[in-house]
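The values are calculated or read from the model by the stated rules, or taken from the named source; none is laboratory data. Fair warning: this is a prediction, and the values are worked out from it, not measured in the lab. Cβ: placed from backbone, ideal geometry, glycine included. Neighbour counts: every protein chain shown. To get the accessible areas, we keep the full protein, side chains included, count just its heavy atoms, and leave off ligands, DNA and RNA. Shrake-Rupley method; radii C 1.70, N 1.55, O 1.52, S 1.80 Å.
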Amino acid sequence: MAVCSSSSSSESSSTTKTWIIHGILTGAAVAVALGAHAYLFLRRSSKFRSRVVGIIPARFASSRFQGKPLVQILGKPMIQRTWERAKLATTLDHVVVATDDDRIADCCRGFGADVIMTSESCRNGTERCNEALQKLEKQYNIVVNIQGDEPLIEPEIIDGVVKALQAAPDAVFSTAVTSLKPEDGFDPNRVKCIVDNHGYAIYFSRGLIPFNK
């Protein structure tokens, strides 16, 4: 079973029945709370998607911040803070952590999270979610890729992107965005998104758009 991703269309197939909601962006809480529209990529589907799983990919060997999931925030590791916030979402039937590191796995099991061990060869969070999905015993209609470094993620963001997909049976992909602040324009940690007048995403970039590398 393949997973659709904006970064790798070759992973999808005609038999795909699982969707990844990829990249719940930092700061989107305000947009969702104010009723902002989720932006959708379309694909033909006629079934209501009721079974939803949230997968939190987490790895220790980050090139920019090694060991980030285990960093303490007011007495709790970051991954626990993220998991606890995700558990508050009303649309998720199950929440799991997907990791390739025993230290993260042991930590997560210690505070009660379900853990799925994945390969070290996963190149990104989407691939890690895909592998974890294959190992889940139950079948899910919607998979939410929840960033492991979002300890302040609003449950309403998760519910918003899930409900957007459930309300639009042709939608295959949804991500929450918010208006860009001028001071964030040159920050590569802030992913930029261009959308058309109908809310369809056209382009994602860490640099300004347009941007000549």
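Can you go through T99, T126 and tell me which one is in contact with a strand residue (DSSP E or B) (Cβ under 8 Å, 6 or more places away or on another chain), open to solvent by less than 20 Å² (accessible area, probe 1.4 Å) and under 29 Å from N212 (Cα atoms)? Every option except T126 fails the conditions. Listed by first and then second residue, the pairs with beta-carbon distance under 6 Å, at least 6 apart or on different chains, first residue in the range 78-96 and under 16 Å from P57 (Cβ atoms), second buried (at least 22 other Cβ atoms within 10 Å of the Cβ) and charged (D, E, K, R), form an empty list. Looking only at residues of the range 62-95 that are more than 13 Å from G148 (Cβ to Cβ) and small (G, A, S), we find that the one that is modelled with the lowest pLDDT is S63.
Within the range 171-213, being β-branched (V, I, T) and open to solvent by less than 100 Å² (accessible area, probe 1.4 Å) holds for V172, T175, V177, T178, V191, I194, V195, I209.
With respect to the conditions (1) in contact with a Lys or Arg (Cβ under 8 Å, 6 or more places away or on another chain); (2) open to solvent by less than 60 Å² (accessible area, probe 1.4 Å); (3) closer than 16 Å to N124 by Cα, R59 falls short on a single one, namely (2).
Restricting attention to the range 103-116 and to residues that are touching a residue at least 12 places away in the same chain (Cβ under 8 Å) and open to solvent by 60 Å² or more (accessible area, probe 1.4 Å), the residue that is farthest from V162 (Cα to Cα) turns out to be R103.
Results for (1) of a type outside the set (F, W, Y); (2) free of Cβ contacts under 8 Å to residues at least 60 places away in the same chain; (3) within 30 Å of R49 (Cβ to Cβ), shown as yes or no for each residue.
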{"position": "P169", "(1), (2), (3)": "yes, no, yes"}
{"position": "P182", "(1), (2), (3)": "yes, yes, no"}
{"position": "D187", "(1), (2), (3)": "yes, yes, no"}
{"position": "V191", "(1), (2), (3)": "yes, no, yes"}
{"position": "I194", "(1), (2), (3)": "yes, yes, yes"}
{"position": "N197", "(1), (2), (3)": "yes, yes, yes"}
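Within the range 85-92, is even one residue open to solvent by 20 Å² or more (accessible area, probe 1.4 Å) and either of a type in the set (D, E) or over 23 Å from V161 (Cα atoms) (or both)? No; the residues of the range 85-92 include none that is open to solvent by 20 Å² or more (accessible area, probe 1.4 Å) and either of a type in the set (D, E) or over 23 Å from V161 (Cα atoms) (or both).
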